[in-house]
Amino acid sequence: MASSAAAAARRHLLLRHRHGHLLPKLHLTSSSAAEDGLDDGGGGGGRVKIFDRDLKRRHRDRAAWAMREADGFVEAVAENLLDRLEDCRKAFPSALCLGGSAGAVRRLLRGRGGIEKLIMMDMSADMVRKWRESENGTDDGPETHFVVGDEEFLPIKESSQDLIISCLGLHWTNDLPGAMIQCRLALKPDGLFLASILGGETLKELRIACTVAQMEREGGISPRMSPLAQVLKRDTALATAAIYQSMFGLEDGSIPATFQVIYMTGWREHPSQQKAKRRGSATISFGDIQKQFGPNEN
């Protein structure tokens, strides 16, 4: 325990030294971390443990065998994410695709981004195995390698990737800023980071229905959305379904479900990138521009 806590402290100090403005100050010991519900092992640096990553890995294992070959929603998100590569004039020879819907990303690449070598990574060995089996059936696309790893502890060398893509996966990490910092460190200078995550409005109809049903049946509410911490009682579950249908049901009997997707684009710093001009260096005023191009009041 002491050695793992020391390793966690060293890791946190390293990240703080490089990116101190993105990390909160922590004053934790291994004993206090356990008492306060914090994860003090495995190099976590005292992170608040919202998601059980072992449970999430088991969910991914199960999804590997239950998932459909194609999912309209997932493929639409992946297509929107990859469409951003078409706005870039540069190529990205080496790319890392993280968890989530990496399989859809691989299918929809279609030569975009000039990727020559692709690493596909997931925390589930079963999911990685499924990707490898699918890859063996095709001869097109870039050279592809498969890695079992966790987004929270990225097993990728620093400054080794031209492009990192994460499609619908990072919202299940306990430390999203920390995971993004590690992605930044793994990027080469002028490397590109593309990601999509589910936002807070996702499945808001279900959240409202669960809240109303629990208030009516149990006299209180508890969190039900990501992660689903408890199992609904039978009468509460039936009430939730009825309330959902009555509040949000459509005339044809179907019910809507909202999914908010947040897209992120970021570049690692490089001297060739455009920079803002020094304050006060302008040679013309906006007043002069307005006089020359403004509307004619006459």
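The values are calculated or read from the model by the stated rules, or taken from the named source; none is laboratory data. Worth saying up front: this structure is predicted, and the values here are computed from it rather than measured. Methodologically, a virtual Cβ is constructed for each residue, glycine included, from the backbone with ideal geometry; neighbour enumeration extends over all protein chains shown. These area figures cover heavy atoms from the full protein model, side chains too; ligands, DNA and RNA do not enter into them. Shrake-Rupley method; radii C 1.70, N 1.55, O 1.52, S 1.80 Å.
Relative protection proxy for 144-150, 99-105, from highest mean packing down: 99-105, 144-150 (other beta-carbon atoms within 10 angstrom). If I take every Cα pair under 8 Å that is 6 or more residues apart in segment 53-198, average their sequence separation and divide by the length, what percent do I get for the relative contact order? Reported as a whole number, the value is 26 percent. The largest accessible area among PHE92, PHE51, PHE153 belongs to the first residue in PHE153, PHE51, PHE92, and the rest follow in falling order (1.4 Å probe, all chains).
A simple spin-label model places pseudo-atoms 7 Å from Cα toward Cβ; at ASP252 and ARG84 they are separated by 3.3 nm. The mean accessible area for residues of segment 110-178, using a 1.4 Å probe and ignoring ligands and nucleic acids, is 45 Å² per residue. For the peptides 187-197, 251-261, 77-87, residues were scored by their other Cβ atoms within 10 Å and the scores averaged per peptide; the highest-first order is 187-197, 77-87, 251-261.
Solvent-accessible area of ARG268, all protein chains in place: 40 Å² (probe radius 1.4 Å, heavy atoms, ligands and nucleic acids excluded).
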